[in-house]
1. Could you tell me the number of lysine pairs in region 5-80 with C-alpha atoms less than 25 Å from each other, where the two lysines are 8 or more residues apart or belong to different chains?
2. Round to a whole angstrom and tell me the spacing of the C-alpha centers of region 53-80 and region 1-45.
3. When a/c reaches 1.5 or more, the comparison of a/b and b/c decides; with that in mind, is region 10-107 rounded, prolate or oblate per its Cα gyration tensor?
4. How large is ³J(HN,Hα), in whole Hz, for each residue of region 60-72 in order, when computed from phi with the Karplus curve 6.51 cos²θ - 1.76 cosθ + 1.60 and θ = phi - 60°, using x for Gly and Pro?
5. Please list 2-12, 61-71 highest first by mean number of surrounding beta-carbon atoms within 10 Å per residue.
Amino acid sequence: MPLPRKGESQNDFVSRCMSSEEAQNSFPDQQQRSAFCHSQWENKGQSSGGVFIYEDPKTGELYHYARRGIYKKNGRTLIFVKQSRAETGTDILNQINDIMKEVFDEIDGKTE
C-alpha cells in the first residue's frame, strides 16, 4: 500500500494513494479509500504494530490510528470501534474491510 514519501505534500500523497491500483483494489469504495489514504498520511512514521479503528458517528466513515486517543473529524468526536493487533499491512486492510462489510450489512439490514 502507498506510504507517504519524504518531502511529499499531503495533497500529492492523497492523490497518489487514491489512484494507486493496490488501494483501489483493497478499497473499491472511494470514501473507504479516502479514509485509508488520509489515515496513512496522519499516521506516517508511526509503528503499525496495532491499529485503533474509529468511526465518524454521522457519516459512518472509518479511520485508523496507531494510538488510542480522542480524535475529531469535521467537528465531530470519532467513536472507538475496535483495536486490532494485526501484524502486517494486509492483515490490517483485511480487518478494516471486514468491519466495513459488517457496517454496510447492518445498514442494509442484513445482520441477524
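1. Taking region 5-80 as the scope, the lysine pair count is 5.
2. Region 53-80 and region 1-45 have Cα centres separated by 17 Å.
3. In terms of gyration-tensor shape, rounded.
4. x, 5, 9, 10, 10, 9, 7, 10, 7, x, 9, 10, 10
5. In descending order of packing, they fall as 61-71, 2-12.
Only the coordinates and a few stated rules stand behind these numbers; no lab work does. In this text, all values refer to a predicted model and were calculated from it rather than measured experimentally. Ideal geometry is used to build each Cβ from the backbone, glycine not excepted, and the neighbour counts take in all protein chains shown.
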